[in-house]
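Bear in mind these aren't lab numbers, they're just calculated from the coordinates by the rules spelled out. For clarity, every value in this text was computed on a predicted model and none was experimentally measured. Neighbour counts run over all protein chains shown; Cβ positions are idealised from the backbone, glycine included.
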Amino acid sequence: MADDWFRNGDWNDGVARRFEEKLRRARRKEQYLRIQACILASTHPEVALALLDRYFSMSDKFDHAQAHVDRATALKALDRVEDAADAYEAALAREAEFPNLKTQAYLELPVLIAVEGLLSRFDRALVVLEQQADRRTFPVDHFMWHAAHALIMSSRGERAGAQPHAQSALEAASKDHSGFRHHPSVGLVTEEHRGLLKDIAALGAA
């Protein structure tokens, strides 16, 4: 396997030195900065944000949408939820300009808004969900789409409308096959979604 010097799962002075040495000799510095930031976004968010600042200062804009999503992940880890929502919005804006590369921002933004109760953004979340509904492919996509709807409607006191979405989310979460023969385990609801699943289960049983 190739030397994945830009896929470090941990970060310390020694790792940082080696990364910088390799980066200095690399041709596509932007992609290495972005990939390393993505891997560190949840566990070393401040490092990830610094790497992404360097990425955005460079001229190659190819991966901007995903870089904004990675930035949102790091900001969430720092509990900067409004800033994270803005980063997801930047990802969606980039996708509108350059639609060949898509991200999960269309789901992650509404879920963030719903889970964090960002009331002033509820209408925007619902608009994003409806505008991009046809992008849903895997069970996890349907789970997140319905979960965001359910939580927002419940927060607004619309329990009758929330419950069908909660039940649809739970149905998507129960699937153990992606629907794709050659990739049966891709796109399933996993342990990563445990907190959201717990919230939705409570709504579905209400």
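Assorted remarks:
- Lys/Arg +1, Asp/Glu -1 at C-beta; the chain dipole; positive extreme among 164, 106, 151: 106
- Taking the longest Cα principal axis of the chain as reference, the axis of helix 122-131 is set at about 80 degrees.
- Using C-alpha pairs under 8 Å with a sequence gap of at least 6, the mean separation divided by the residue count of the chain gives a relative contact order of 12 percent.
- Choice from 59, 185, 168 with maximal GNM fluctuation in the chain (Cα, 10 Å cutoff): 59
- Loop-resident sites, region 109-199, for chymotrypsin sites (Phe, Trp or Tyr not before Pro), counting at most 12 other Cβ within 10 Å (DSSP): 180
- Taking all pairs of distinct alpha-carbon atoms in region 104-206, Kirkwood radius in angstrom: 13.5
- Applying the criteria of a DSSP loop state and at most 14 other Cβ atoms within 10 Å to the trypsin sites (Lys or Arg not before Pro) of region 134-175 yields 156.
- GNM remark for the chain: springs join alpha carbons under 10 Å apart, and the peak mean-square fluctuation among 190, 137, 43 falls on 190.
- The chain: calculated mean residue ellipticity at 222 nm from DSSP helix runs of at least 4, using -39500 (n - 2.57): -21000 deg cm²/dmol
- In order through region 49-63: 3J(HN,Hα) via Karplus (6.51 cos²θ - 1.76 cosθ + 1.60), integer Hz, x for Gly, Pro: 5, 5, 5, 5, 4, 5, 4, 5, 7, 8, 7, 6, 9, 4, 9
- Candidate lysines - alpha carbon under 22 Å from residue 102, same-chain residues fewer than 8 apart omitted: 29, 61, 76
- Our summary of shape: the Cα atoms of the chain have principal axis extents of 59, 40, 32 Å, ordered from largest down, in whole angstrom.
- Over region 1-102, equivalent-ellipsoid semi-axes from the Cα gyration tensor in Å: 23, 17, 10
- Part-to-part distance (alpha-carbon centres) for region 5-34 and region 152-187, which is given in Å: 38
- Applying the criteria of a DSSP loop state and at most 15 other Cβ atoms within 10 Å to the chymotrypsin sites (Phe, Trp or Tyr not before Pro) of region 19-115 yields 62.
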